[in-house]
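A short worksheet on the structure shown next.
Nothing in this text is a laboratory measurement; each read-out follows from the coordinates by a stated rule. As the structure is a computational prediction, the values presented were derived from the model and not from experiment. Cβ atoms come from the backbone with ideal geometry, glycine included; neighbour counts cover every protein chain shown.
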Amino acid sequence: MGARHGARMIPATYQRPDAIAHALQALAGATGSNATRPIAGGTNLLDLMKLQLMTPTALVDVSRLPLDAIEVREDGGLRLGATARNADTAWHPRVERDYPLLSAAMLAAASPQIRNMATNGGNLMQRTRCTYFYDRATPCNKREPGSGCSAIGGLTRHHAILGASEHCIATHPSDMCVALAALDAVVHVASVRGERAIPLADFHRLPGDAPEVDTTLAADELILRIELPPATHFAAHSAYLKVRERLSYAFALVSVAAALDIGPDGVIRAARLALGSVAHKPWRRPAAEALLVGARPGAVAFEAAADALLQGAVPQGENAFKIPLARRTLIRALEVATQGTVDNQGSTRPHPETLA
Ligand code: SF4
């Protein structure tokens, strides 16, 4: 790996196994984030390596493994392969039709070029964009545990208002994961020790006193796929709103995934809400969603749900604006969802029951 910014050369081995079992064997025994790492699209890991923020000694290229399928489950849900590209996932006809919330969130992310390279598994594993994390001249508990947090008392425009700790106030940058959280996705992973399923809500963690640990994935585990339960009842009334400082290729200040199941009588039968870029993980609170169930869409119900979801929000220096911004964006997303899902071509989506 080439050196930049006067950094020293750090050698890393590279292998490209042709079977999942061989990849798991290559990852066996890995500990910590700097030992053996899987790589696929490389859209975040290679940047981190060039800056020597991550210095794996061995790379296991999983991009050629048979993990790129997008398949319909028997119950109508979907399996999203870990190495399926973000672009292929976002534009997949079944994702667009049944999970327009996910499609919209993914197309709000990054640039077309990055979406063509980035994989679904890699999207889950991307690291914070905290400025200080990327600046090796400053203390950062996530980069160097115990060194301190430069963001606290520093520049905090993009930092957390929920779930932060005295050790780290970073946010998770993904758009895709916000929609996946709202859709009750489950991440299936494997190691030589066996397979297990991790609900997306438990996949990313809050910083606590170990901000260097982003997820509950063990170092020797590989993401196989993301499973989505059936969600066609949310397809007609969903919205992903992303507020950012320029119109494209920017991380969110605040994002909202909102989905409503509205009955023929106009009453909300079920609701899903998740916030992005406000915490170390996608922020969801089922109690806020419960306030919408049985209510008619409108300001009273939406404001109550927004207040419940943001309960306990704490500003960090200059980011106090994010609390009212998140509240307004959440209410607006619910209004847009009530009017009907807008598809990726900009028209209002017909109810899925009218689709062939
Ligand atoms: Fe590091 Fe987290 Fe502090 Fe940013 S917020 S400087 S990532 S410890």
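Cross-link partners of Lys142 among lysines, defined as those whose alpha carbon lies under 20 angstrom from its own and excluding same-chain residues fewer than eight positions apart: Lys50, Lys281. Across segment 173-178, rounded Karplus estimates of 3J(HN,Hα) from the backbone phi angles (6.51 cos²θ - 1.76 cosθ + 1.60, θ = phi - 60°) give x, 6, 8, 3, 5, 5 Hz, Gly and Pro being marked x.
Annotation: the residues Leu107, Leu224, Leu247, sorted from fewest to most other C-beta atoms within 10 Å of their own C-beta, follow the order Leu247, Leu107, Leu224.
Given a Förster distance of 35 Å, report the FRET efficiency between Phe321 and Ala197 from their Cβ-Cβ distance, rounded to the nearest 0.05. All intermediate terms of the calculation are to be shown ahead of the outcome.
Details: r = 38 Å, r/R0 = 1.09.
Approximately 0.35, to the nearest 0.05.
Using a 10 angstrom Cβ neighbour count of at most 11 plus a DSSP loop assignment to flag exposed trypsin sites (Lys or Arg not before Pro), which longest range of the chain is free of such sites? Spell out each step's value before the answer.
Values: sites that count: Arg4, Arg8, Arg193, Arg246.
Here the longest run is 9-192.
Just rank Tyr132, Tyr99, fewest to most, by other beta-carbon atoms within 10 angstrom. Walk me through the numbers on the way to the answer.
Details: Tyr132 23, Tyr99 30.
Lowest count first: Tyr132, Tyr99.
Using Cβ contacts closer than 10 Å as the measure, can you line up Met49, Met117, Met9, Met106 from fewest to most? Please list the in-between numbers first.
Details: Met49 21, Met117 16, Met9 8, Met106 27.
So the ranking, lowest neighbour count to highest, is Met9, Met117, Met49, Met106.
Reported to the nearest whole Å, the Cα centre-to-centre distance from segment 212-256 to segment 259-278 is 17.
Relative to the dominant Cα principal axis of the chain, helix 299-309 is inclined by about 20°.
Remark: segment 195-204, residue by residue, has Karplus-estimated 3J(HN,Hα) of 9, 8, 10, 10, x, 4, 4, 9, 6, 8 Hz, where x stands for each Gly or Pro and the curve is 6.51 cos²θ - 1.76 cosθ + 1.60 at θ = phi - 60°.
For a paramagnetic label modelled on Asp47 (point 7 Å from Cα along Cα→Cβ), amide N atoms under 18 Å away belong, within segment 103-125, to 106-125.
Under 1.5 on a/c is rounded, so check that first for the chain, then, if it is not, pick prolate when a/b is larger than b/c and oblate when it is not; a ≥ b ≥ c are the square roots of the alpha carbon gyration tensor eigenvalues. All intermediate terms of the calculation are to be shown ahead of the outcome.
Values: a/c = 2.02, a/b = 1.31, b/c = 1.54.
Verdict is oblate for the chain.
Enumerate the residues in segment 130-168 having an amide nitrogen under 13 Å from the point lying 7 Å beyond the Cα of Glu212 toward its Cβ. What the label zone holds, given the 13 Å backbone N cut-off, is 140-148.
Scanning residues 5 or more positions from Leu224 or on other chains, those with amide H under 5 Å from its amide H are His188, Val189, Ala190, with H placed 1.01 Å from N in the peptide plane. Classify segment 2-64: rounded, prolate or oblate, from the alpha-carbon gyration tensor (a ≥ b ≥ c, eigenvalue square roots; a/c under 1.5 rounded; otherwise prolate if a/b is larger than b/c)? Cα axes put segment 2-64 in the prolate bin. Restricting to Cα pairs below 8 Å that are 6+ residues apart, what does the relative contact order work out to for the chain? Please round to a whole percent. The value is 17 percent. Between Val267 and Val72, the contour length at 0.36 nm per residue exceeds the Cα-Cα span by 67.2 nm.
Between Arg157 and Gln311, 0.36 nm times their residue separation minus their Cα-Cα distance comes to what?
On the way: separation 154, 0.36 × 154 = 55.44 nm, distance 1.98 nm.
Full extension of this stretch gives 53.5 nm more.
Rounded if a/c is under 1.5, else prolate if a/b beats b/c, else oblate: with a ≥ b ≥ c from the C-alpha gyration tensor eigenvalues square-rooted, which is segment 128-236? Taking the square roots of the gyration eigenvalues as a ≥ b ≥ c, segment 128-236 is oblate. Here each label is just a point 7 Å from Cα along the line to Cβ, and for His22 and Arg79 those points are 2.2 nm apart. Between Ser347 and Ala299, the contour length at 0.36 nm per residue exceeds the Cα-Cα span by 14.8 nm. Taking the chain as a Gaussian network, where each spring joins two C-alpha atoms under 10 Å apart, which residue of Ala313, Ala182, Ala326 fluctuates the most? With Cα springs under 10 Å in the chain, the top fluctuation among Ala313, Ala182, Ala326 is at Ala313. Compared with the dominant principal axis of the Cα atoms in the chain, helix 322-339 is inclined by about 50°.
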